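Participant: This is the structure I have questions about; it appears just below.
The values are calculated or read from the model by the stated rules, or taken from the named source; none is laboratory data. Since this is a predicted model, take the numbers as computed values, not measurements. Neighbour counts are summed over all protein chains in view; Cβ atoms, including those assigned to glycine, are modelled from backbone coordinates with ideal geometry.
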Amino acid sequence: MRYQEFTSLLQNTSRQQATGFGLLVLLLILNAGLSYYATAELIEREGRVQGTLNFLMALKDTFSALQDAETGQRGFLITGEEKYLEPYEAGLTSIDAYIAILTTLQSEVPEQRTNIQNLITLIARKQDEMERVVGLRKSDLDRAAFSAERSDRGYRLMEDIRDLVKSMEQLEYNLMSEQRHEAAQSRRQVMFAIAVATFTSLLLIGAVYVLIQRAIRRQQEDAEKLALTNEELELIVSERTLALERYSQELQRSNRELQDFAFIASHDLQEPLRKIRAFGDRLKSKLSPQPRNDSTVDYVNRMQSAAERMSLLITDLLEFSRASTRPAEFDIISLQRVLEEVLDDLSEAIAQKNAEIIADPMPQLEADATQMRQLFQNLLSNAIKFTAEGVRPVIRLKVETFNREGDSESGSWWRIVLEDNGIGFDQRFAERIFTPFQRLHGRTEYSGSGIGLAVCRRVVERHGGNIRAESSPGVGTKFTVELPATQRKLLDWRV
């Protein structure tokens, strides 16, 4: 069996198992959802029944408390004994508490709201009547008290309350009958859901058992097929290894060609240019008696200027090439020392422009000292060069340590920010300036070949870091360089 066919078989088996498992999970979810819905509905309907029972109980307790109060009032009216006032007063207190409960409970029958208000009104009138009779009896106005009792007003009020309570109870009993019927339906649904869940669980157990047995058989078959493909895998590995070796040889050949190019650029191409410039000097010395506006002298000057630019381009191109082909040799270096050496090299340019350079103390990190010097040389020389006429260059170098996401070591990266007050540029060209030979200004305005920042990017990328620029015309430019404190991980990856 070929390796591709075996891989395809493994993938198909995995897909079948995943499909089966997905169906089982779907059945479980559906079953759980059905059970949850049925149980929640049963709980909700039982809660409604209990709410109706609570309303009925509060209604009965209110009427019972009113009866107790009336009994106590009649006993006091007949006997005049104070002991009958105790159930009377307790009944009045209970009535207020039960009415508060009754108004708090929410009946599902809309007309009960009106009935509760009517009941509260009738009870209040009945209480007033009882208090009036008790007050007359306490004042020894027996005849007036008995006359008020015989007026039958209190009896009619009690009958109205009794009729209203019976009507309200009947409405609640009718509602509770419907609620219990719905609750019975919910219980049947729960029982059905339990039965379905039990059946589904048994089905799932059986299906899982079948799938496990099938998976075991397939694993045994796959192990046998895998054993047959070992030779083919070894052959593939051997072919890949051979291909990598050829690629490595091709890469080494390419590096040698780049090194040969660097040799040609530094020797063979520079030699004709030196001769052109030398012979140009001789021509200029012979033509010096000629008038200054003679075209021949102008041609010689242009020829020498072009030869000088060509020599500069070849030198910069060589530096750009070396930034990529230089062997990866890193060591712990002091950026402070590198910066001091660069400032010493640029001392003449700094003095000419009266530039001010303010720098934080530079850290130590694992890097190529020569390329770090190239980096600072190009960045600082550009900051000094690209300034407006009559403006004193002010350059600030800021340093801070930070951790990238996923880094476990503290201070594993360094961020170096260079800010100047130069002429700046449009932010649209923030990437273009790092391209070789790309210039944003004419040669007559500012000298250079346009390759310095390209070398900076090559150096930073070779060290596993990144560089970016932010600028605005007439405001200045900020270059941000981020470098790892150590190159060990980068070297391990390259190896």
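Participant: What residue, of L175, L233, L164, L171, is modelled with pLDDT under 80, surrounded by 10 or more Cβ atoms within 10 Å (Cβ to Cβ) and among the hydrophobic types (A, V, I, L, M, F, W, C)?
Facilitator: On the way: L175 fails: modelled with pLDDT under 80; L164 fails: modelled with pLDDT under 80; L171 fails: modelled with pLDDT under 80.
Criteria check complete, one pass: L233.
Participant: Which of the residues that make up the range 346-393 are of a type outside the set (A, V, I, L, M, F, W, C), farther than 21 Å from E419 by Cβ, touching a residue at least 24 places away in the same chain (Cβ under 8 Å) and in a helix (DSSP H, G or I)?
Facilitator: Correct list: T370, Q371.
Participant: Tell me which residues, restricted to the range 104-123, are of a type in the set (V, I, T) and either in contact with a strand residue (DSSP E or B) (Cβ under 7 Å, 6 or more places away or on another chain) or not in a helix (DSSP H, G or I) (or both).
Facilitator: Just the residues of the range 104-123 that are of a type in the set (V, I, T), to begin with: 104, 109, 114, 116, 120-121, 123.
Passing the criteria: only V109.
Participant: Out of M57, M130, I need the residue that is within 60 Å of the chain's Cα centre (by Cα) and under 21 Å from I161 (Cβ atoms). Which one? Break it down stepwise before answering.
Facilitator: Working: M130 fails: within 60 Å of the chain's Cα centre (by Cα).
After applying the criteria, what remains is M57.
Participant: Is the range 413-423 home to any residue that is assigned by TED's automatic domain parsing to the domain that holds L375 and at pLDDT below 85? Walk me through how you get there before you give the answer.
Facilitator: Taking the range 413-423 and keeping what is assigned by TED's automatic domain parsing to the domain that holds L375, we get 413-423.
With the extra rule that they be at pLDDT below 85, the set shrinks to none.
Looking for residues that are assigned by TED's automatic domain parsing to the domain that holds L375 and at pLDDT below 85, one finds none in the range 413-423, hence no.
Participant: Out of (1) among the charged types (D, E, K, R); (2) farther than 29 Å from Q170 by Cα; (3) touching a helix residue (DSSP H, G or I) at 6+ places or on another chain (Cβ under 6 Å), what's the single condition that is false for E89?
Facilitator: (3)
Participant: Let me ask something else about it. Before we move on, is K60 loosely packed, with under 13 Cβ neighbours inside 10 Å and either at pLDDT 80 or above or basic (K, R) (or both)?
Facilitator: Details: loosely packed, with under 13 Cβ neighbours inside 10 Å: no; either at pLDDT 80 or above or basic (K, R) (or both): yes.
No.
Participant: Within the range 48-103, track down each residue that is among the small types (G, A, S) and either in a helix (DSSP H, G or I) or on the phi < 0 side of the Ramachandran plot (or both). Before you say what the answer is, go through the steps one by one.
Facilitator: First pass over the range 48-103, keeping only residues among the small types (G, A, S): 51, 58, 64-65, 69, 72, 75, 80, 90-91, 94, 97, 100.
Of everything in the range 48-103, those that are among the small types (G, A, S) and either in a helix (DSSP H, G or I) or on the phi < 0 side of the Ramachandran plot (or both) turn out to be G51, A58, S64, A65, A69, G72, G75, A90, G91, S94, A97, A100.
Participant: While we're looking at this one, here's another question. Residues to consider are G22, G75, G80; find the one that is at pLDDT below 80, of a type outside the set (S, T, N, Q) and closer than 30 Å to M191 by Cα. Let's see the steps before the verdict.
Facilitator: On the way: G75 fails: closer than 30 Å to M191 by Cα; G80 fails: closer than 30 Å to M191 by Cα.
It is G22.
Participant: Looking at (1) without any contact (Cβ under 8 Å) to a residue 60 or more places away in the chain; (2) surrounded by fewer than 16 Cβ atoms within 10 Å (Cβ to Cβ), can you tell me which one D68 breaks?
Facilitator: All conditions pass for D68, except number (2).
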